[in-house]
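Heads up: the structure comes next, in structure tokens.
The values are calculated or read from the model by the stated rules, or taken from the named source; none is laboratory data. All values derive from a computational prediction rather than experimental measurement. For neighbour counting, all protein chains shown are included, and Cβ atoms are generated from backbone atoms with ideal geometry for every residue, glycine included.
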């Protein structure tokens, strides 16, 4: 009776470490995504491997073929006001820990259609594990480490006031009460959003509005006013 031969391993088959390097992610994240079916993977008993060609195709598709120019609703000029309108201002965001708060951000209805909520949550948490996004004065700016893994056509900024202050291990040690979560269609836009947000947070009027948990209309009006005088 003939013995059934096992399929030969593809010459493009790679392990977890190489897959993580290609995607620019931690190995634990890649393993988790593969087990959840978010990444194309191969199973060999309890182990996980990947086909390089399939993985690179997945990465290209999710990165939208590199560095796309965003579909802008406000012309070529990047507008924090427009990004905040897309993401919205949210009050009393629940969560008893940093990870619970980030999970609540990922579940907000203003997160664009097409973004996998569980994936976004994992990306936000992974970024915080690398280094805190708490910038001081009770503000944090959580965002995916690699913005190209999130499907958005235009920049989105979600502003959240937390139900209770949460320790984000911010640079000044102050608990976080306000989150600006950034979703960007490209790395270039992401860096521009960060720079624009840092500029806005230096405005005394904006700081007062955030400290007072001011109405969304007042916050958006201030942002629009500041951007119109750049």
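Looking across the stretch 89-102, just one residue is part of a loop (DSSP other than H, G, I, E, B) and surrounded by 17 or more Cβ atoms within 10 Å (Cβ to Cβ), and that is 95. The residues listed here are 226, 209, 220; of these, the one that is more than 24 Å from the chain's Cα centre (by Cα) and within 12 Å of residue 81 (Cβ to Cβ) is 226.
Can you confirm whether residue 152 is touching a strand residue (DSSP E or B) at 6+ places or on another chain (Cβ under 6 Å), part of a strand (DSSP E or B), touching a residue at least 40 places away in the same chain (Cβ under 8 Å) and in the same structural domain as residue 131 (by TED's automatic domain parsing)? Answer is no for this residue. Per the conditions (1) assigned to a strand (DSSP E or B); (2) free of Cβ contacts under 8 Å to residues at least 24 places away in the same chain, the sole criterion not satisfied by residue 180 is (2).
Which one is modelled with the lowest pLDDT, of the residues in the stretch 1-44 that are closer than 19 Å to residue 116 by Cα and not in a helix (DSSP H, G or I)?
This residue is 24.
Could you run through the stretch 173-185 and say how many residues are within 16 Å of residue 92 (Cα to Cα) and either over 25 Å from the mean Cα position of the chain (by Cα) or buried (at least 18 other Cβ atoms within 10 Å of the Cβ) (or both)? Selection size over the stretch 173-185: 6. Count of the stretch 186-197 residues, restricted to those that are surrounded by fewer than 18 Cβ atoms within 10 Å (Cβ to Cβ) and free of Cβ contacts under 8 Å to residues at least 60 places away in the same chain, is 3. Inside the stretch 166-175, can you point out the residues that are more than 10 Å from residue 101 (Cα to Cα) and in contact with a strand residue (DSSP E or B) (Cβ under 7 Å, 6 or more places away or on another chain)? Across the stretch 166-175, the qualifying residues are 168, 169, 170, 171, 172, 174, 175.
When you look at residue 105, is it outside any strand (DSSP E or B) and at pLDDT below 95, yes or no? Judged against the criteria, residue 105 is not a match.
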